[in-house]
Amino acid sequence: MAKKTTKSTKSWHGRLSGEADQATSELLASIDVDAGLYKYDIAGSLAHATMLREIGILTGRELTRIKKGLSTIAEDIEAGKVKLDPALEDIHMVIESALIKRIGEPGRKLHTGRSRNDQIALDLRLWARDAIDDMRDLIRQLQTSFVAGADKYGQIVMPAYTHLQRAQPILAGHAMLAYVEMLDRDAERLADCRKRVNVCPLGSGAVAGTSIPLERKRVAELLGFPAITRNSIDATSSRDFLAELCFCLATVGVHLSRWAEDWIIYSTTEFGFIELDDSVCTSSSMMPQKKNADTLELIRGKSAGAIGNLCGMLTLMKSLPSGYSRDLQDDKRFAFATVSTMKSALVVASKVVSTVRFCPGRIAADLDAGFLDATSLAEYLVNKGVPFRTAHGIVGELVANAARTGNTLASLPEVVIRAADKAIGPDVADHLGADNVVKHYKPEGAAGAKQLRKQLNFWKRKLG
Ligand code: ARG
């Protein structure tokens, strides 16, 4: 049987006489999610009240009581002492009703010229601003861990893959700094998103503003916003800033998933390129020998949730009519979940990177397999005046020969190599074998030692 909620809880009891039953109240409520916004809600109310005092709506005494009331409410929410009653729907009503209960009449003036529509738009922007700052710090931490890893293990020569087939030799540091680049764009994207987040919507009211002469710029100033929104309809019903945040973080997730996949593969017995620290691995309840890269698998998996949340956010916004609709209440479920998931993924990613051990012996043992030096040999011929396409064909035949006879290019008898083209001289040996190949990389951004030095200097300077 549906229970009736008590009549006095709602602020609109003047208009509506029918009461929601429990199931309806639960559907309407967002307090389970938006309680986390209480600090922002109170900060917004303090700024609003200060401005209301300045324009003469509140007396000095009323403002003092509101400020005191709000600060004790903040402490009590923090301490779990305020009842988060779903019948009150959301954090805005929970705080307002607690305030009225505590300080009486002045509390009834706080909502002057304000709607929950511009209030939640404000809270979300304040929250998103902090979330972005936190995420950028965590990204920077992870970048720093990768740079330290590139410093420590950077000189190891290892294979690079395309199509997950052996391609060309690289320095391990170059591979690690590739992730640092991706993360840097992620941080830049977040910084750019922050510009659109950092605009104050308060004063937009429900949809059309208000006849109360609010000083919007003053509120913005008090809350550290450099600008105010220009249009009340847009300000109360647009959430593209949240969708953008979800996109930025889904992209972080995608980048982390690619790195996680690389390192899961590298940590297998078959590859053995790296050893993950025991503290970031798990074992099996049945197979005693197992050391599983579960943290990396979960980091890889978390990106699915972030991508799903982005889809959810965009779908929630699609086809909404102009002006606030209650659908928007669920925006928080997508945005909050994304931020909390990606936070934990970034924190643990940093632990994985800063504790990894590369295994140079294992990497070197198999480095001759897969003809990593084939492109280098073709380029050797180019330097002797052979057109690249011709050189490609010559080396292709040599590789086929070596594969057939169980050789590497370096172990083919010298007569066989020399017979392939008259341009090939004894100096060819210097261009065969992975260790030699990395010495010859020329342009900026390539996988050799001097390029690595330059990249490392760049990142150390940039990351401080
Ligand atoms: N809790 C709502 C949200 O998160 C804000 C309330 C707006 N409600 C309304 N009936 N206009 O979007």
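Restricting to helices (runs of 4 or more DSSP H) lying wholly in segment 21-128: which have 2 or more residues that are within 13 Å of the ligand (Cβ to nearest atom)?
Hits in segment 21-128: 22-28, 31-34, 38-54, 91-103.
Among the residues of segment 42-60, which ones are open to solvent by 50 Å² or more (accessible area, probe 1.4 Å) and either without any contact (Cβ under 8 Å) to a residue 24 or more places away in the chain or polar (S, T, N, Q) (or both)?
Correct list: Arg53, Gly56, Thr59.
Report yes if Ser376 is modelled with pLDDT of 95 or more, among the hydroxyl-bearing types (Ser, Thr, Tyr), within 18 Å of Ile170 (Cβ to Cβ) and in a helix (DSSP H, G or I), otherwise no.
So Ser376 fits the description; yes.
Consider Asp34 carefully, then state whether it is modelled with pLDDT under 95, farther than 18 Å from Gly107 by Cα and surrounded by 12 or more Cβ atoms within 10 Å (Cβ to Cβ).
no
Of the residues that make up segment 103-121, is at least one under 26 Å from Lys195 (Cβ atoms), aliphatic (A, V, I, L, M) and under 35 Å from the mean Cα position of the chain (by Cα)?
yes
Being within 31 Å of the chain's Cα centre (by Cα), modelled with pLDDT of 95 or more and open to solvent by 30 Å² or more (accessible area, probe 1.4 Å): is that true of Lys39 here?
yes
The values are calculated or read from the model by the stated rules, or taken from the named source; none is laboratory data. Quick caveat, the model's predicted, so the values are computed rather than measured. All Cβ positions, even for glycine, are placed from backbone atoms using ideal geometry, and neighbour counts span all protein chains on display. Only protein heavy atoms, including side chains, enter the accessible area calculation; ligands, DNA and RNA are left aside. Shrake-Rupley method; radii C 1.70, N 1.55, O 1.52, S 1.80 Å.
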